[in-house]
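Notes follow the structure.
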Amino acid sequence: MIEAFRAALPERGRLLGLDVGTKTMGTALCDANWTIASPAKLIHRKKFASDLSELKSLVSRESIKGLVVGLPLNLDGTDSPRTQSIRAFARNLAAILLPVLLWDERWSTAAVERQMIAADISRAKRAERVDSAAAAYILQGAIDRLASA
């Protein structure tokens with residue numbers, strides 16, 4: 001799957017990382033050379049059409065060439081009902097918008113929470129930043145792998 005995504009982007013280009021939750025969607029952006037990912041906008045989810053409109057606007061404004069979507073697998077690596085929902089969301093995005101890479105996100109939120117706690121960020125600020133920071137964590141893992149492929 002990673003090879004197909006890489007092949008779809010032979011010139012590289014900016015990527016958009018997504019941590020898709022039921023109420024919010026954290027976003028992150030990386031540079032065109034796939035070096036570093038940074039947290040971006042938090043999208044408050046509504047219906048798919050509204051979410052898609054927000055993503056299209058972000059894709060256009062930031063010249064995005066591909067999407068990396070966090071895939072919430074169970075700890076043992078198996079799918080859950082939530083995983084199936086994200087797979088369907090990603091299929092819809094790939095059909096309408098841009099190439100999509102699904103990326104294992106099992107430890108992203110926990111890792112980001114630990115980093116924020118270590119940085120002494122208040123609980124309230126962590127709550128508003130965690131989804132986009134998790135999207136950046138997911139995107140960084142993907143671009144590190146893509147750059148070495």
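The values are calculated or read from the model by the stated rules, or taken from the named source; none is laboratory data. Bear in mind the structure is a predicted one, so any value in this text is a computation, not a measurement. Neighbour counts run over all protein chains shown; Cβ positions are idealised from the backbone, glycine included. Accessible surface is based on the protein model in full, side chains and every heavy atom, while ligands, DNA and RNA are left aside. Shrake-Rupley method; radii C 1.70, N 1.55, O 1.52, S 1.80 Å.
Structure notes:
- The label-point distance for Ser38 and Arg61, in a model that sets each label 7 Å from Cα toward Cβ, rounds to 1.4 nm.
- Evaluated at q = 0.12, 0.18, 0.21 Å⁻¹: base-10 log I(q)/I(0), Debye formula over Cα of the range 22-81: -0.38, -0.78, -0.96
- Distances between placed amide hydrogens fall under 5 Å for Asp104 paired with Leu71, all partners being 5 or more residues away or on another chain.
- Phi angles of the range 82-89 translate, via the Karplus equation with coefficients 6.51, -1.76, 1.60 and θ = phi - 60°, into HN-Hα couplings of 5, 4, 4, 4, 5, 4, 5, 4 Hz per residue; Gly and Pro are given as x.
- Stretched out straight at 0.36 nm per residue, the stretch from Ser50 to Met1 would grow longer than its current Cα-Cα span by 14.8 nm.
- Nearest-0.05 FRET efficiency for Asp120 and Thr22, computed from C-beta distance (R0 41 Å): 0.90
- For Arg45, the residues whose amide H sits under 5 Å from its own are Thr24, Met25, ignoring neighbours fewer than 5 places away on the same chain, with H placed 1.01 Å from N.
- Pairwise centroid distance, computed over Cα atoms, of the range 1-51 with the range 110-149, Å: 14
- Karplus-derived HN-Hα couplings along the range 65-71 (A = 6.51, B = -1.76, C = 1.60, θ = phi - 60°), whole Hz, x at Gly and Pro: 10, x, 10, 10, 10, x, 10
- Loop-located GluC sites (Glu not before Pro) across the range 1-91 with a Cβ neighbour count of 13 or fewer within 10 Å are Glu11, with loop assigned by DSSP.
- Longest exposed-site-free window of the chain, the sites being trypsin sites (Lys or Arg not before Pro) in a DSSP loop that have at most 15 other C-beta atoms within 10 Å: 48-105
- For Lys47, the lysines whose Cα falls under 24 Å of its own Cα, not counting residues fewer than eight places away in the same chain, are Lys23, Lys56, Lys65.
- Rounded to 5, the percent of DSSP beta bridges in the range 25-137 classed as antiparallel: 50
- Globularity index of the chain is 0.98 (Cα radius of gyration / 2.2 N^0.38 Å, N = number of residues).
- Normalised contact order of the chain, rounded percent, pairs of Cα under 8 Å and 6 or more residues apart: 32
- Debye intensity ratio I(q)/I(0), log10, the range 67-141, q values 0.17, 0.18, 0.23, 0.25 Å⁻¹ (C-alpha model): -0.70, -0.76, -1.03, -1.10
- With a 1.4 Å probe rolled over the protein heavy atoms of all chains, the accessible area of Asp120, Asp144 falls in the order Asp120, Asp144, largest first.
- Evaluating 6.51 cos²θ - 1.76 cosθ + 1.60 at θ = phi - 60° for every residue in the range 133-142, the Karplus couplings come out as 5, 5, 4, 5, 4, 4, 5, 4, x, 5 Hz, glycine and proline recorded as x.
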